[in-house]
Structures are given as C-alpha cells and as structure tokens.
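Take a look at the structure below.
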Amino acid sequence: MTDASFRLGPDGDADGGPLSIDLPAIVAKNLRRLRVKQGHSLERLAKQSGVSRAMLGQIETGKSTPTISLLWKVATALGVPFARLIATDSAHHPQVLRRSDAKLLSSSQGQFTSRALFPFDGERQVEFYELRLAPLHREHAEPHATGTRENLVVAKGAVEIIIGTERPVVLTEGDAILFDADVPHSYRNLGTEDALLFLVMTYVETVG
C-alpha cells in the first residue's frame, strides 16, 4: 500500500505479539515461483518493474527485506496483487486471524501500520486491511494498478485524504470515502492520538 517495510515483531504496540512466520522467506519463495511460472528472467522482470536485478536476486534468496512500495512495483509487473507475494498456504476451513499472528507491516519507524484482515488463499477481487496512523503523521502511497479502488472508513480520529490533484478531504469518525487508487494519494492524521482506519481494496480482475 505504501512505502513500508515488513515488521517481524511488535513495535511499541501493547496488543501485538511476535509473528510466527518468516515473511522475507515467504516473499522469496512466492516471487521466484511467480517469476519462473511466467517465464521471466531476473533481467526482464527488473526492466518491467523498475527494480534492479541485484535487488530482485537478494529478495529471491531472502537476503533483503523489501518495502511495500517495491513489492507493488514487482506485483504490477507480474500482473498479480501485492497480497500474492506474501501469501501462505492454508486449509479450506473457517480461519481465525489472530492479531498475534498477523502479517503486520509498518513504515516511518512504526508511525504507520497495516494489518491484513483476510486470508491470502483463494480467488478474490477484494482485500480488507486495518490501518493505524500515529499522531500528526502523513503516509504517502504510490499509484496502484489501473482500476484499483480504495474504500476507507475512519473508526477513530480525524484524517485528511489527498487523492492525486484533488482538494484534500477531511474525514472524522464514521466517515468513509471511495476513490480510484491508481494515482498518488496520502493519509494524514490530524489528531494527537492514533487514528484507526479500515480499508477495502478492490481490483478490476479476480486475483488469487
């Protein structure tokens, strides 16, 4: 979603526990599988994604922890959603998504966090996330794939949303917004306490 790194443990969040999964290893496995399946060499994927061959090689070997921004570039080049790169196998039965086991992502020294509220297996056109913004923090997001839409609702706090060249929109608790996310956009917490948002990401085509 934004230029953030994987967070493999709690970052000052009293409710969060350590993760039981190795995200860099999962990304490494998924990236290599998807690249080989589509017949891309590292050089070709580097040219299409704008990510250097050296960086792609480090990610595939688990030697580098990629940012969300970088993964968006790779996912777009491969024609798959971001979530496909961090997906793990799971059985086809009701799944409880424990907070302590969440794939929690953070940026700006923990001032922005994103938690997936859906399992990554199976086909879908919609993804659901919990977002948290630290007081007065602004988080910038790069354009997503053409046709991607975001539906945000503010559960706590007041947040300023800027989409492309549009005028800023201020949302307070209970307000929601739906917009095309294939342009640069940002979220800024206007308050002095953490802001809590829920995000529904919708893709044009079925993914998964």
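Collect the residues in the range 131-146 that are in a loop (DSSP other than H, G, I, E, B), buried (at least 16 other Cβ atoms within 10 Å of the Cβ) and either among the hydrophobic types (A, V, I, L, M, F, W, C) or modelled with pLDDT under 95 (or both), keeping them in residue-number order. Working first, answer last.
First, the residues of the range 131-146 that are in a loop (DSSP other than H, G, I, E, B): 134-137, 142-146.
Restricting the remaining residues to those that are buried (at least 16 other Cβ atoms within 10 Å of the Cβ) gives 134, 137, 142, 144-145.
134, 142, 144, 145 - these are the residues of the range 131-146 that are in a loop (DSSP other than H, G, I, E, B), buried (at least 16 other Cβ atoms within 10 Å of the Cβ) and either among the hydrophobic types (A, V, I, L, M, F, W, C) or modelled with pLDDT under 95 (or both).
Of all the residues that make up the range 147-188, how many are part of a strand (DSSP E or B), closer than 15 Å to residue 131 by Cβ and among the aliphatic types (A, V, I, L, M)?
Count: 10.
May I ask you to list the residues in the range 39-58 that are in contact with a helix residue (DSSP H, G or I) (Cβ under 6 Å, 6 or more places away or on another chain) and buried (at least 17 other Cβ atoms within 10 Å of the Cβ)?
Hits for the range 39-58 are 42, 45, 46, 49, 51, 56.
Would you pick out the residues in the range 147-163 that are at negative phi and open to solvent by 20 Å² or more (accessible area, probe 1.4 Å)?
Correct list: 149, 151, 153, 155, 156, 158, 160, 162, 163.
Give me the pairs, please: first residue somewhere in the range 104-118 and open to solvent by 10 Å² or more (accessible area, probe 1.4 Å) and modelled with pLDDT under 80, second residue anywhere and assigned to a strand (DSSP E or B) and of a type in the set (Lys, Arg), beta-carbon distance under 7 Å, and either six or more positions apart or on two chains.
Every condition considered, the pairs that remain are 104/115.
Search the range 18-38 for residues being exposed (fewer than 15 other Cβ atoms within 10 Å of the Cβ) and more than 23 Å from residue 203 (Cβ to Cβ), and hand back the single one that is modelled with the highest pLDDT.
This residue is 36.
Within the range 59-80, which residues are part of a loop (DSSP other than H, G, I, E, B), in contact with a helix residue (DSSP H, G or I) (Cβ under 8 Å, 6 or more places away or on another chain) and small (Gly, Ala, Ser)?
62, 64
Every residue, every condition in (1) of a type in the set (Lys, Arg); (2) in contact with a Ser or Thr (Cβ under 9 Å, 6 or more places away or on another chain); (3) in contact (Cβ under 8 Å) with a residue 40 or more places away in the chain, yes or no:
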{"residue": "152", "(1), (2), (3)": "no, no, yes"}
{"residue": "155", "(1), (2), (3)": "no, no, yes"}
{"residue": "160", "(1), (2), (3)": "no, yes, no"}
{"residue": "171", "(1), (2), (3)": "no, no, no"}
{"residue": "175", "(1), (2), (3)": "no, no, no"}
{"residue": "185", "(1), (2), (3)": "no, no, yes"}
{"residue": "197", "(1), (2), (3)": "no, no, yes"}
{"residue": "201", "(1), (2), (3)": "no, yes, yes"}
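Suppose we filter the range 40-67 for residues that are at positive phi and modelled with pLDDT of 90 or more; how many remain?
Within the range 40-67, residues that are at positive phi and modelled with pLDDT of 90 or more number 1.
The values are calculated or read from the model by the stated rules, or taken from the named source; none is laboratory data. Worth saying up front: this structure is predicted, and the values here are computed from it rather than measured. Note that each Cβ is placed from the backbone with ideal geometry, even for glycine, and that neighbours are counted across all protein chains shown. Note: accessible area is taken over every heavy atom of the protein model, side chains too, but ligands, DNA and RNA are not part of it. Shrake-Rupley method; radii C 1.70, N 1.55, O 1.52, S 1.80 Å.
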